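The numbers here are math on the coordinates, done by the rules we state, and not lab data. Values in this document were obtained by computation on a predicted structure and should not be read as measured data. For neighbour counting, all protein chains shown are included, and Cβ atoms are generated from backbone atoms with ideal geometry for every residue, glycine included.
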Amino acid sequence: MRAMGVDEAFIGRLVETFYGRVLAHADLGPVFDARLSGRWPEHMEKMKSFWSAVAFRSGAYGGKPVQAHTGVADLTPDLFPKWLALFAATLDDIAPSPEAKAWFMATAERIAKSLTLSLFYNPALDDPAKKAG
Ligand code: HEM
């Protein structure tokens, strides 16, 4: 992480910048704000400890991401590519190195995929009988 230029200060900057842009985003902003209204400072602290736990294996985050997203009103699968695009644009602007951007993107994409599967996966859609030739 250090070799990529990633430290706690960068994680703080990333979280602040990214969620600032999330809030200003036409589709993402309302979904986040409806759930987090009045609790933004707490969310920001949580996200900093989350990223720092993943990046530095610090164990600072002990939450349950899947549960946290269940019941978020209007959270639809199409929002995930938008989240990832905004995260990529943020990293383009502030990541300390291309390696840092690549690491944060790969990690976010993996988690986004796993959240999408946990929240939306429907085995019926994989039914071979329903797949056209
Ligand atoms: C469109 C996509 C997403 C939306 C709308 C969304 C929305 C939210 C909201 C509203 C919360 C706050 C839940 C609460 O405290 O009541 C939350 C928490 C969280 N999100 Fe997301 N999220 C998205 C994608 C992601 C992705 C891709 C990641 C991983 C990189 C992620 C990681 C987390 C984590 C770690 C928490 C804190 C969980 C806890 O309470 O411990 N989210 N998200």
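Yes/no per residue for (1) of a type outside the set (S, T, N, Q); (2) closer than 18 Å to V6 by Cβ; (3) touching a helix residue (DSSP H, G or I) at 6+ places or on another chain (Cβ under 7 Å):
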{"position": "A55", "(1), (2), (3)": "yes, yes, yes"}
{"position": "V66", "(1), (2), (3)": "yes, no, yes"}
{"position": "A73", "(1), (2), (3)": "yes, no, yes"}
{"position": "D78", "(1), (2), (3)": "yes, no, no"}
{"position": "L86", "(1), (2), (3)": "yes, no, yes"}
{"position": "N122", "(1), (2), (3)": "no, no, no"}
{"position": "P128", "(1), (2), (3)": "yes, no, no"}
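Hey, K82 hits all of (1) surrounded by 13 or more Cβ atoms within 10 Å (Cβ to Cβ); (2) under 22 Å from D7 (Cβ atoms); (3) within 12 Å of the chain's Cα centre (by Cα) but one; which does it fall short on?
Result: K82 passes all but (2).
Name the residue that is nearest to the ligand (Cβ to nearest atom), counting only residues in segment 20-53 that are part of a loop (DSSP other than H, G, I, E, B) and not acidic (D, E).
R39
Looking at this structure, is G5 part of a loop (DSSP other than H, G, I, E, B) and in contact (Cβ under 8 Å) with a residue 40 or more places away in the chain?
When the stated conditions are applied, G5 passes them.
Hey, S37 hits all of (1) surrounded by 11 or more Cβ atoms within 10 Å (Cβ to Cβ); (2) of a type in the set (S, T, Y); (3) over 22 Å from W103 (Cβ atoms) but one; which does it fall short on?
(1)
Does F32 fit the bill of being surrounded by 13 or more Cβ atoms within 10 Å (Cβ to Cβ), within 16 Å of F104 (Cα to Cα) and among the hydrophobic types (A, V, I, L, M, F, W, C)?
no
Where residues in segment 54-105 are touching a residue at least 40 places away in the same chain (Cβ under 8 Å), part of a loop (DSSP other than H, G, I, E, B) and polar (S, T, N, Q), which of them is farthest from the ligand (Cβ to nearest atom)?
S97
Among the residues of segment 61-78, write down those that are under 19 Å from F104 (Cβ atoms) and surrounded by 15 or more Cβ atoms within 10 Å (Cβ to Cβ).
Once the filter is applied, which keeps residues that are under 19 Å from F104 (Cβ atoms) and surrounded by 15 or more Cβ atoms within 10 Å (Cβ to Cβ), segment 61-78 yields only Y61.
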